[in-house]
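Visitor: Got a structure for you, written out below as structure tokens; questions coming shortly.
The values are calculated or read from the model by the stated rules, or taken from the named source; none is laboratory data. Note that the structure is a prediction, hence the values are computed from the model and not measured. Here the Cβ is made from the backbone with ideal geometry for all residues, glycine too, and neighbour counts use every protein chain on show.
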Amino acid sequence: PPACTMVSARSDPGLAVAIDWSARKREVLAELNNNWPHHEGNQVYLDIVVGGRSEQTMRLVFALFMHEVPLAAANFYALCTQRYEGLGECGHPLTYRRSKLVRIVRGQFLQGGDITHNTGGGGDSIYGGAGFEDEEFGLRLRHNASGLLSMANHGADTNRSQFLITTGPAPSLDGKHVVFGRIVSGAFHLQALDALPVDSRDVPATSVVVTECGAIPGWHRPPLPMPDAVQREMSLPALDEQAASARSAVAGAVQEALQKRKARSADDEPAREATKKSKSMLEFSIAGFDEDDESGDESGDESGDGDKG
């Protein structure tokens, strides 16, 4: 669907000066550079109720990739905490509170976050109703497990408030949807949500509502869903470069070992020379002793060793 066309009271020139929504991106990036001074952490929660049964509230806690995918993560954080009061560009409060899960694609993902229509056809963002661009790092992350948090969209660079929560591997989303967080508590609820009855369009048969949402203090750095080794593609030149680097490392190690051996040989040379000299002197002394012994026998000199009886 196209970006919202509804004019909010805040952007009506008769009531207030139009808001520069794109300035929020600069604010977010400035906060990123200052290590998020206005955030107590990167964890947020969604309280979900099925069919109005509040006694069975399901809390899902997510850790957001604030440093790696800042635009998407900051947008989700702000919509969980209602950081920006008043109305968004599309004329609705910028919060996930009272929004619904609108699709359940069994074994793959849950879809929610339409804060304007609650049908899957709307949405808004802290950067404006037109949405914001895909972040390259988030596009490279894989939907290879359950509990990953990803942006829903209707094409490239159309991210707003709608999101996906994977309930299993969903490779069809790879490279098209930005991954920006993952579940750290309440993962067992995903199985129950995934099993809810749906119609032929994957719409839940009963209401699934976010009744409350907010932030949880503390920073948590879960592992990033990077591509598996078998999924990483390397070109032949890259492989050649890797092999050449390995060969160079081996050659360098061999040269270093030879130099150390040569150095040890140089250090041992004086000792070897001293050994040779001592051995030579010993041989000379033994030879001289034998000659004196023979002459002593002829002249009658006293020598205990020479008296052979």
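Visitor: What is the number of the single condition among (1) under 16 Å from Ala152 (Cα atoms); (2) hydroxyl-bearing (Ser, Thr, Tyr); (3) under 26 Å from the mean Cα position of the chain (by Cα) that Thr81 does not meet?
Guide: Answer for Thr81: the failing condition is (1).
Visitor: Keeping to region 33-63, report how many residues are crowded, with 16+ Cβ neighbours inside 10 Å and either assigned to a loop (DSSP other than H, G, I, E, B) or of a type in the set (A, V, I, L, M) (or both). Spell out how you get there, then give the answer.
Guide: Taking region 33-63 first, the residues crowded, with 16+ Cβ neighbours inside 10 Å are 36, 39, 41-50, 58, 60, 62-63.
Subset that is either assigned to a loop (DSSP other than H, G, I, E, B) or of a type in the set (A, V, I, L, M) (or both): 36, 39, 42, 44, 46, 48-50, 58, 60, 63.
Number satisfying all stated conditions: 11.
Visitor: Taking the condition of being within 18 Å of Leu64 (Cβ to Cβ), in contact with a Lys or Arg (Cβ under 9 Å, 6 or more places away or on another chain) and either among the aliphatic types (A, V, I, L, M) or free of Cβ contacts under 8 Å to residues at least 24 places away in the same chain (or both), how many residues in region 116-163 meet it?
Guide: So the answer is 7.
Visitor: Quick one: which residue in Leu173, Leu164 is surrounded by 14 or more Cβ atoms within 10 Å (Cβ to Cβ) and within 22 Å of Val50 (Cβ to Cβ)?
Guide: Leu164
Visitor: Could you please find all residues in region 92-115 being under 21 Å from Leu71 (Cα atoms) and charged (D, E, K, R)?
Guide: The answer is Arg97, Asp114.
Visitor: Continuing with the same structure: Mind checking which pairs have a first residue in region 51-66 that is at pLDDT 95 or above and a second that is among the basic types (Lys, Arg), Cβ under 8 Å, 6 or more apart or different chains?
Guide: Taking only residues 6 or more apart or on different chains, the pairs are Phe62/Arg182; Ala63/Arg182; Ala63/Arg221.
Visitor: Considering Ala205, Ala229, which residue is surrounded by fewer than 12 Cβ atoms within 10 Å (Cβ to Cβ) and at pLDDT below 95? Spell out the reasoning first.
Guide: On the way: Ala205 fails: at pLDDT below 95.
It is Ala229.
Visitor: Additional query: Do we have Arg97 as touching a residue at least 24 places away in the same chain (Cβ under 8 Å), touching a His at 6+ places or on another chain (Cβ under 9 Å), outside any helix (DSSP H, G or I) and closer than 19 Å to Ile216 by Cα here?
Guide: It is false that Arg97 is touching a residue at least 24 places away in the same chain (Cβ under 8 Å), touching a His at 6+ places or on another chain (Cβ under 9 Å), outside any helix (DSSP H, G or I) and closer than 19 Å to Ile216 by Cα.
Visitor: Could you look through region 156-176, keep only residues that are in a loop (DSSP other than H, G, I, E, B) and touching a His at 6+ places or on another chain (Cβ under 8 Å), and pick out the one that is nearest to Phe188 (Cα to Cα)?
Guide: To start, the set of residues in region 156-176 that are in a loop (DSSP other than H, G, I, E, B) comprises 156-158, 160-162, 167-170, 174-176.
With touching a His at 6+ places or on another chain (Cβ under 8 Å) added as a condition, the list becomes 169-170, 174.
Values: Pro169: 16, Ala170: 18, Asp174: 24 Å.
Filtering first and then ranking leaves Pro169.
Rundown of residues vs (1) closer than 25 Å to His39 by Cβ; (2) hydroxyl-bearing (Ser, Thr, Tyr); (3) under 28 Å from the mean Cα position of the chain (by Cα), yes/no style:
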{"site": "Leu87", "(1), (2), (3)": "yes, no, no"}
{"site": "His92", "(1), (2), (3)": "yes, no, no"}
{"site": "Gly107", "(1), (2), (3)": "no, no, yes"}
{"site": "Phe132", "(1), (2), (3)": "yes, no, yes"}
{"site": "Arg142", "(1), (2), (3)": "no, no, yes"}
{"site": "Asn159", "(1), (2), (3)": "yes, no, yes"}
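Visitor: Here is a list: Glu40, Glu85. Which entry is out of contact with any helix residue (DSSP H, G or I) (no Cβ under 9 Å at 6 or more places or on another chain), over 30 Å from Leu190 (Cα atoms) and modelled with pLDDT under 95?
Guide: Testing whether each residue is out of contact with any helix residue (DSSP H, G or I) (no Cβ under 9 Å at 6 or more places or on another chain), over 30 Å from Leu190 (Cα atoms) and modelled with pLDDT under 95 leaves just Glu85.
Visitor: Right, another one. Against the condition part of a loop (DSSP other than H, G, I, E, B), buried (at least 23 other Cβ atoms within 10 Å of the Cβ) and out of contact with any His (no Cβ under 7 Å at 6 or more places or on another chain), how does Gly129 come out, does it pass?
Guide: The answer is yes for Gly129.
Visitor: Is it the case that region 181-190 has a residue that's under 20 Å from Cys213 (Cα atoms) and in contact with a helix residue (DSSP H, G or I) (Cβ under 9 Å, 6 or more places away or on another chain)?
Guide: yes
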